[in-house]
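Each value in this text was obtained by applying a stated rule to the coordinates, not by laboratory testing. Keep in mind that this is a model prediction, so the values were computed, not measured. Every residue, glycine among them, receives a Cβ derived from its backbone with ideal geometry; neighbour counts consider all protein chains shown.
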Amino acid sequence: MVGGLPSVVFATHEADHRFTVEGFVCGADGKGSANIDVLVKDTKISYGQIVKTDGDGYYKAAFHLHNDNLGDPLLIEAKGEQQLQKISFDPKDLEAERRIQVNFGTGCISDKGSIPLWVYLGSGAVAAAVGGFIGVKLIRSWRKQEQKQGKSQGKRKK
């Protein structure tokens, strides 16, 4: 238990009974703030928990909720800043992860599970290089064919 509130460890239920609030807490420099308390509370049922951010400023709080909790108000607080959200999910979808992401500060990473931007940029650069290489090879091949055709046509004219 942290701060008198149950720990996230106990909220490892099936996806249709679990609701996750996650995000990042960042400083003015845009870097993640480590070891920050984040309060996540369903204010309708007065249930909440306090979790700490990791070294990247990431936090995650999981709740055992049911379909009748849809629309419940959520209070998320970190570093004196509060954000109000609502529990939202598709009650008919029993398999998709029920979660929202709430970030604090500026320049925060948008999603811990997402692929970093450098991967996309690197992949794009590799694709451009490969495309350029293939393009150069094709152009050289066409020029060689044109030269061969030109030589053979020149022999016929004589």
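Place the peptides 65-75, 81-91, 127-137 in order of packing, highest mean first, counting for every residue the other Cβ atoms within 10 Å and averaging per peptide. Don't skip to the end; give the middle numbers.
Working: 65-75: 14.9, 81-91: 12.9, 127-137: 10.0.
With the highest mean Cβ count within 10 Å placed first, the list reads 65-75, 81-91, 127-137.
Mind checking the full-extension length gain between Ile45 and Ile139? Use 0.36 nm per residue of separation minus the Cα-Cα distance, one decimal, nm.
Working: separation 94, 0.36 × 94 = 33.84 nm, distance 6.93 nm.
Result: 26.9 nm gained on full extension.
Compute the distance in nm between two label points, each set 7 Å from the Cα along the Cα-to-Cβ direction, one at Leu84 and one at Thr106.
Label at Leu84, label at Thr106, 2.6 nm between them.
What residues qualify as long-range amide H neighbours of Arg99, i.e. H under 5 Å apart, gap of 5 or more or another chain, H built at 1.01 Å from N?
Thr20
Please find the FRET efficiency linking Asn67 to Asp37, where r is the Cβ-Cβ separation and R0 is fixed at 30 Å, and quote it to the nearest 0.05.
Values: r = 30 Å, r/R0 = 1.00.
Efficiency at R0 = 30 Å is approximately 0.50.
Give me, ordered by chain and number, the residues 5 or more places off Ser33 or on other chains with an amide H under 5 Å from its own placed amide H.
Val25, Cys26, Gly27, Gly57
Step through the residues of region 65-74 one at a time and calculate ³J(HN,Hα) from phi using the Karplus curve (6.51 cos²θ - 1.76 cosθ + 1.60, θ = phi - 60°), rounding each to whole Hz and writing x for Gly and Pro.
Once θ is set to phi - 60°, the couplings for region 65-74 become 10, 10, 4, 6, 8, 4, x, 4, x, 10 Hz.
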